[in-house]
Structure formats: C-alpha cells, structure tokens
Amino acid sequence: KTLAMILASATPLSLALALGAAAAYAGSALCASRLGDRLTRAVVWLAWFLHGSWLAWSLLGHEPRFGFAPALSVTAWLIAAVYAVESHLYPALKTRWPLSALGAAALLLALVFPGNRLHATASPWLPLHWALGIASYGLFGVAVVHAWFVNRAENQIRHATESHSGMPLLTMERLTFRFVSAGFVLLSATLLVGLFFGKALYGPAAPIHWDHKTVFSLLAWLCFALLLIGRARFGWRGKRAMRILYVGSGLLLLAYVGSRFVMEIILGVSL
C-alpha cells in the first residue's frame with residue numbers, strides 16, 4: 001500500500017523517465033549478445049540520458065526532493081557515465097552487466113524513496129556542497145568498481161586462468177588511483193565548503209556541524225589520504241591498497257547515505 005502511494009505521487013513524466021531508464025539498463029545487460037556491441041553501447045547511452053533526465057526533473061522540478069536513495073542514484077549515474085566513455089576506448093571492457101544492474105537498482109530505489117522536499121529557504125551554498133560531495137561519491141564509486149576488476153584479474157592471473165576484464169591490468173590500476181585522486185580533491189573541497197561556510201549551511205550554532213555525516217566523512221578523508229600517501233611514498237598496490245580503498249569508500253557511504261537512511265526510513269525524520 002505504501003509503495004503504491006509513493007508511486008502514485010510520482011508525476012507521469014517522472015515515472016516514464018525512470019521506468020524507461022531502468023528498461024534500457026536491463027536491455028543493455030540482458031540482450032547484449034543479440035544487439036551487438038554498437039547497438040548495446042547506444043542503449044547504454046540512452047539509459048544514461050534517461051536516468052540523467054529523471055534526476056534533473058527530480059532535483060529541479062516542481063517539487064524537488066533529495067535523500068539517501070537519490071544520492072545513490074546520482075552516484076550510479078556518474079559511474080554509468082564513466083563506463084559509457086570507457087566502453088568506447090576499451091570495447092572489450094566487461095563491466096556492462098554489473099553497472100547496468102547497479103544503475104537500474106539505484107534508479108528504482110530512488111523512485112520508491114524519493115527523499116524529502118527541499119526547503120525554499122535553503123542556503124545558496126548547499127547545492128555546491130551537495131554537488132561536490134555527490135561527485136566525490138561517484139568518483140570513488142568508479143574507483144571501487146575498477147579496484148574490484150583489478151582484484152579479479154589478479155586472482156585469475158594467479159590461478160593461470162584467462163582474464164576477461166577487457167582492459168590491461170596496469171591501465172586499470174592506474175585509472176583506479178586517478179579516480180581516487182580526483183575523488184579525494186572533490187571530497188576535500190566538500191569538507192572545506194562545510195568548514196568555511198558551516199554557519200550558512202547549518203545555522204550560526206557552530207562553524208562545523210559535528211554529526212555522524214561529518215565524522216564519517218573525516219574518517220573517509222583520512223583513509224584516502226593514507227592510501228594516496230602510501231601509493232606515492234611506498235608504492236602501495238594490490239590487496240593492501242584496495243582494502244584501504246574499500247574501507248574509505250564504506251565510511252563515505254555511511255557518511256551521507258547511511259545517516260540519511262537512518263533519519264528518513266528508520267526514524268522517519270523529515271530533514
């Protein structure tokens with residue numbers, strides 16, 4: 001009953017964009033062998049375009065909303081954008097199925113849990129703060145996907161089985177750390193905006209809003225800083241580096257998505 005009420009509250013355009021994007025994601029994953037590489041990539045671009053259009057309508061439409069599920073959906077959209085570009089550079093890259101599943105699942109989750117309405121009196125710095133934070137989510141999400149494929153390829157090489165990643169191992173590893181570096185820069189900018197404009201974002205009570213989101217974000221920042229320093233000074237790579245990446249990404253996921261999930265779904269608090 002609750003699900004039906006939520007879906008009924010969605011506008012026809014929003015529902016059509018979301019279901020169309022989910023169908024395109026599913027088609028690119030399930031029908032790739034029948035469609036061929038060229039047409040499959042076109043379907044991926046269609047899914048990405050519809051997904052982005054739905055996000056724009058949700059955030060900028062007549063009743064803009066945001067919450068933990070839209071944050072995940074934006075992250076999945078950014079990951080899909082990177083995949084769409086990489087699929088042209090490396091046509092044999094075998095990430096279509098997991099990324100299409102991730103995009104469809106995140107989109108449908110956001111359709112069911114659209115979040116809270118954005119207040120008209122919100123600080124003008126808040127969109128910048130969110131944009132930087134969500135972009136860092138997306139870059140770290142891409143890094144985690146690449147790291148998973150690096151680990152899988154290394155295991156296949158260790159067991160003398162053929163690697164099907166579609167991208168040279170060292171190239172994928174370099175890309176992983178480039179995404180980590182770019183995500184670290186954006187996460188640092190997010191924290192700096194929160195620090196210097198904390199009063200505008202959260203009111204005059206404190207320059208830094210010390211809550212679970214801030215604490216987990218700082219812990220994630222320390223993890224990524226440690227990873228990049230270890231990579232630059234000591235040449236960290238392989239499982240040690242990937243474990244730190246996974247831990248930092250998990251902390252970052254808990255920072256916003258986790259705290260908003262608890263507030264919106266478990267406690268039912270309107271933010």
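For the pair Trp57 and Val185, the difference between a 0.36 nm per residue extended length and the Cα-Cα distance amounts to 43.3 nm.
The string of couplings for region 68-78 from the Karplus curve (6.51, -1.76, 1.60, θ = phi - 60°) is 5, 5, x, 4, 5, 5, 4, 4, 5, 5, 5 Hz, one whole number per residue in order, with x for Gly and Pro. Remark: spin-label model distance Ala225-Cys31 equals 5.0 nm, labels positioned 7 Å along the Cα→Cβ axis.
Phi-derived couplings, Karplus 6.51 cos²θ - 1.76 cosθ + 1.60 at θ = phi - 60°, listed residue by residue for region 222-238: 5, 4, 5, 4, 4, 5, 5, 5, x, 5, 6, 8, 10, x, 4, 7, x Hz, with x used for Gly and Pro.
Placing dummy labels 7 Å off each Cα toward the beta-carbon, the span from Ile157 to Ile265 is 3.8 nm. Label zone of Arg237 (point 7 Å out along Cα→Cβ, amide N under 17 Å): in region 130-157 this covers 146-157.
FRET efficiency for the Arg38 to Val247 pair, using the beta carbon distance and R₀ = 51 Å, is estimated at 0.85.
Sort Tyr246, Tyr83 from largest to smallest accessible area, using a 1.4 Å probe on the heavy atoms of the protein chains. Show your work: numbers first, answer last.
Values: Tyr246 80, Tyr83 10 Å².
Ranked from most to least accessible, the order is Tyr246, Tyr83.
Taking all protein chains as shown and a probe of 1.4 angstrom, Thr11 keeps an accessible surface of around 30 Å².
The values are calculated or read from the model by the stated rules, or taken from the named source; none is laboratory data. Nothing here was measured: the structure is a model prediction, and the numbers come from that model. Note: ideal-geometry Cβ built from the backbone for every residue, glycine included; neighbour counts use all protein chains shown. Only protein heavy atoms, including side chains, enter the accessible area calculation; ligands, DNA and RNA are left aside. Shrake-Rupley method; radii C 1.70, N 1.55, O 1.52, S 1.80 Å.
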